[in-house]
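Student: Below are the structure tokens for one structure; questions will follow.
Only the coordinates and a few stated rules stand behind these numbers; no lab work does. On a predicted model such as this, the values are computed, not experimentally measured, just so you know. Counting neighbours? That spans all protein chains shown, and the Cβs are built from the backbone with ideal geometry, glycine included.
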Amino acid sequence: MKPLLDVLVNKTPSRRPIWIMRQAGRYLPEYKRVRESAGSFLKLCYNAELACEVTLQPLRRFDLDAAILFSDILVVPHAMGLSLDFREGEGPVLQTVSNLAEVERLVFQGPFEQFDRVWETVGLVRSSLAPHLALIGFCGAPWTVASYMIEGGSSDRKRALAVAQTNPIWFQVLLDRVVQASIAYLLGQVRAGAEALQIFDSWAGDLPAVLLERLVSSPIKQIVDGVRQIYPGFPIIVFARGVSTSHGLIAKSTNANAVGVEENVSLRDVLAQLTEKVAVQGNLSPQLLLGSDESLFAGIKSVLDDVPMSRHIFNLGHGITPPTNPLMVEKLVAAVRRYDEHLV
Ligand code: CP3
């Protein structure tokens with residue numbers, strides 16, 4: 001009934017599910033207006049009514065198949081006790097940790113003050129969604145979240161990588177605490193009405209392949225297990241962005257229902273590495289939404305030619321960018337629907 005959930009549990013969907021990473025955001029004028037009235041990005045994240053409103057905005061414009069909760073991956077370190085601010089034109093500014101004493105001060109078993117408001121958003125969204133739409137909850141993966149906690153903001157992750165490789169005792173304690181807090185964050189989202197989860201490892205592509213098991217797959221698997229211990233079989237998408245030829249390995253070692261794939265990787269090649277129960281998500285370049293109709297359509301066709309509808313969740317290879325004209329998103333959705341109608 002819900003195409004996104006059908007693909008995740010290996011059933012044939014009534015149509016190819018489509019959603020777009022960062023589908024609620026600054027490319028929409030109505031988002032900018034609500035964000036303005038909230039006062040700041042973080043206030044918007046923690047105001048359930050307004051966060052619900054911006055979650056629903058893209059669904060009023062586009063014929064998508066899922067809503068994604070409006071929140072941020074940095075809500076988890078914030079709830080663990082680190083101060084957080086989002087500065088205009090600068091991105092996130094997060095308090096850092098750099099030794100065992102600081103890591104041991106992090107809250108990891110709750111109570112997590114900030115989570116309640118996000119869970120409230122989930123409940124509000126779920127109760128107002130049309131029946132064919134699925135609600136996706138999410139968190140950041142431990143490597144990506146820990147890298148922000150070490151670096152303090154958007155960076156080249158060099159320091160985090162050095163810490164991970166020299167592997168002081170506190171780094172493993174940090175990963176473990178992020179795992180525990182993330183499980184609590186996701187369980188609350190599922191309790192409140194999320195129907196699928198995505199774990200974002202945006203910086204997985206920084207890592208040499210030999211480190212992927214320890215830093216990416218293993219902590220993600222602990223989160224997957226923690227969720228499924230309470231909700232057996234719960235559908236989870238793992239997006240280890242940038243790992244190119246390692247998506248198959250990651251799917252296998254995390255037990256994901258689907259893997260998100262970055263642009264410029266052949267979905268056909270990824271599918272060939274997966275068991276038939278696992279689907280792929282992706283992977284149109286967000287840059288194609290900034291160009292001509294011709295290049296957009298060519299890009300869409302090359303993604304769709306690679307993967308059957310029953311194993312595919314259409315998405316971008318990364319988040320939609322602020323200069324995108326919403327009209328291009330409308331054209332994208334129409335083009336995917338048109339392609340599938342000509343198939344049958
Ligand atoms: O996808 C959605 O529409 C749901 C909401 C969502 C946001 N961030 C809202 C947001 C999701 C799923 C995220 C995930 C997230 N946040 C990731 C992983 C995905 C990715 O993009 O790689 C990461 C790394 C973050 C951390 C983060 N949040 C950064 C680095 C920034 C600043 C850069 C930027 O785009 O401004 C944010 C801010 C942020 N998160 C915005 C939105 C809509 C823009 C804030 C604003 O309105 O000013």
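Student: Give Gly152, Gly193, Gly260 a once-over and let me know the one that is at positive phi, in contact (Cβ under 8 Å) with a residue 24 or more places away in the chain, out of contact with any helix residue (DSSP H, G or I) (no Cβ under 7 Å at 6 or more places or on another chain) and not aromatic (Phe, Trp, Tyr).
Tutor: Answer to the selection: Gly152.
Student: Here is a follow-up. Can you pull out every residue in the range 183-214 that is farther than 23 Å from Phe70 by Cα and in a helix (DSSP H, G or I)?
Tutor: Hits for the range 183-214 are Gly205, Asp206, Ala209, Val210, Leu211, Leu212, Glu213, Arg214.
Student: Related question: What's the number of the only condition in (1) more than 23 Å from Asp201 (Cβ to Cβ); (2) in contact with a Leu (Cβ under 9 Å, 6 or more places away or on another chain); (3) within 16 Å of the ligand (Cβ to nearest atom); (4) in contact (Cβ under 8 Å) with a residue 24 or more places away in the chain that Ser83 fails to meet?
Tutor: Going through (1) more than 23 Å from Asp201 (Cβ to Cβ); (2) in contact with a Leu (Cβ under 9 Å, 6 or more places away or on another chain); (3) within 16 Å of the ligand (Cβ to nearest atom); (4) in contact (Cβ under 8 Å) with a residue 24 or more places away in the chain one by one, Ser83 breaks only (4).
Student: Okay, next question. So Pro208 fits all but one of (1) more than 16 Å from the ligand (Cβ to nearest atom); (2) surrounded by 15 or more Cβ atoms within 10 Å (Cβ to Cβ); what number is the exception?
Tutor: (2)
Student: Looking at the structure I just gave you, is Ser217 more than 20 Å from Met21 (Cβ to Cβ) and surrounded by 23 or more Cβ atoms within 10 Å (Cβ to Cβ)?
Tutor: So Ser217 fits the description; yes.
Student: Out of (1) in contact with a Phe, Trp or Tyr (Cβ under 7 Å, 6 or more places away or on another chain); (2) within 15 Å of the ligand (Cβ to nearest atom), the odd one out for Asn99 is which?
Tutor: Every condition holds for Asn99 apart from (2).
Student: Just the residues that are touching a residue at least 40 places away in the same chain (Cβ under 8 Å) and either on the phi < 0 side of the Ramachandran plot or aromatic (Phe, Trp, Tyr) (or both), please, taken from the range 86-101.
Tutor: Scanning the range 86-101 gives Phe86, Glu90, Pro92, Val93, Leu94, Gln95, Thr96, Val97, Ser98, Asn99, Leu100.
Student: Another question, if that's okay. Could you check the range 289-317 and list, in sequence order, the residues that are more than 17 Å from Pro17 (Cα to Cα), touching a residue at least 24 places away in the same chain (Cβ under 8 Å) and either within 21 Å of the chain's Cα centre (by Cα) or surrounded by 14 or more Cβ atoms within 10 Å (Cβ to Cβ) (or both)?
Tutor: Leu289, Leu290, Leu296, Phe297
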